[in-house]
Amino acid sequence: MNNKITKKELRSVFWRSFALQGAFNYEKMQNIGYAFSMEPIIKKLYSNKDDQAAALTRHLALFNCTPAMTPAILGITTAMEEQYSDDSNKMDPDSINSVKAALMAPLAGVGDSLLFGTFRVIAAGIGASFAKQGSILGPILFLLLYNIPAWLLRIYGLSYGYKWGVNSLEKIQKNGVMNQIMSIVGIIGMMVVGGMVATMLPVKTTLKFSMSGATVKLQSIFNQIIPNLLPLVVTLLVFWLIRKKVSISKLTVAVLILGILLHVIGIL
């Protein structure tokens, strides 16, 4: 495969990645910013307007990750788009979004813990200690100690993400490993979604009834059947409605109103 992407396009992707959250939305989160970051790559790889439109549409899928970790995914995505544009018969374009979906959750976990939970806390502590003494070094040190690691992650993430993709994708395709990777990606994706449902959707009922003089809580019965049964039911219901093309914005408002009403009348 002849490399079509130069440092010029990668620099453009790098600077555009800072606008990742510029059009954040509750339906597909950072997807517009991601597509905006990929635009220079798409224009370089595809001369046909229909191919460019298809590629941009492909990158408008749901995406959400720590901004500083996203350039690594952008680099790998760039390599995959380059491979696909070189020979579309070698790669299913759906695998590009599958890899994005598989990478964004674990990298977000690492990025949030490393940057927001570690570097920012340390930088704020050091900066606050100087600021408390009236020193101008307080805000300067805070900005430097937090942003230097974030910038290094962006720069080397994009560079090594692209190099890893270019050097590995062709071998992976020839060895037939891509199908195995896609299978693993699917399993990991389902595990991540299942874990998020169980830990981040605390839906519980407060309903109870009396039986033979004893009070039985309905939630305890659900827990004995399947732990976190109600979050699972809510998730599957919302998923079914999305498959039926119900607007996510309408669903968000409906779930919010319904949750408030059920809490007020004492069901949840």
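Considered as a group, the residues in region 145-162 that are hydrophobic (A, V, I, L, M, F, W, C) and crowded, with 16+ Cβ neighbours inside 10 Å include one that is farthest from F116 (Cα to Cα), and that residue is L158. Taking the conditions (1) surrounded by 17 or more Cβ atoms within 10 Å (Cβ to Cβ); (2) closer than 15 Å to Y162 by Cα; (3) touching a residue at least 60 places away in the same chain (Cβ under 8 Å) in turn, K4 satisfies each one other than (1). Scanning region 102-128 for residues that are of a type in the set (A, V, I, L, M) and farther than 21 Å from R154 by Cβ gives I126, A128. Would you call Y46 surrounded by 19 or more Cβ atoms within 10 Å (Cβ to Cβ) and without any contact (Cβ under 8 Å) to a residue 40 or more places away in the chain? Here the answer is no, as Y46 does not meet what is asked.
Of the residues making up region 73-94, those that are crowded, with 19+ Cβ neighbours inside 10 Å and more than 23 Å from N25 (Cβ to Cβ) are G75, I76, T78, A79, M80, E81, E82, Q83, Y84, S85, M91. Any residue in region 65-73 that is of a type outside the set (D, E), free of Cβ contacts under 8 Å to residues at least 12 places away in the same chain and in a helix (DSSP H, G or I)? So far as region 65-73 goes, no, none of its residues is of a type outside the set (D, E), free of Cβ contacts under 8 Å to residues at least 12 places away in the same chain and in a helix (DSSP H, G or I). Taking region 95-125 as the search range and keeping residues that are hydrophobic (A, V, I, L, M, F, W, C), in contact with a helix residue (DSSP H, G or I) (Cβ under 9 Å, 6 or more places away or on another chain) and exposed (fewer than 15 other Cβ atoms within 10 Å of the Cβ), which one is nearest to M191 (Cα to Cα)? Top of the filtered list is V110. When the residues of region 212-265 are filtered to those that are under 22 Å from A198 (Cα atoms) and in contact (Cβ under 8 Å) with a residue 60 or more places away in the chain, which remaining residue is farthest from the chain's Cα centre (by Cα)? Top of the filtered list is T252. Might you let me know whether region 187-209 holds any residue that is at positive phi, at pLDDT below 65 and of a type in the set (G, A, S)? Scanning region 187-209 turns up no residue that is at positive phi, at pLDDT below 65 and of a type in the set (G, A, S). I'd like the full set of residues that are within 12 Å of A124 (Cα to Cα) and either hydrophobic (A, V, I, L, M, F, W, C) or not in a helix (DSSP H, G or I) (or both), limited to region 138-168. Result: I140, L141, F142, L143, L144, L145. Remark: M178 falls outside the filter, which requires a residue to be within 23 Å of E27 (Cβ to Cβ), surrounded by 12 or more Cβ atoms within 10 Å (Cβ to Cβ) and either in contact with a strand residue (DSSP E or B) (Cβ under 8 Å, 6 or more places away or on another chain) or modelled with pLDDT under 80 (or both).
The values are calculated or read from the model by the stated rules, or taken from the named source; none is laboratory data. Quantities reported herein were computed from a predicted structural model and do not represent experimental measurements. Cβ coordinates were reconstructed from backbone atoms using ideal geometry, including for glycine residues, and neighbour counts include every protein chain displayed.
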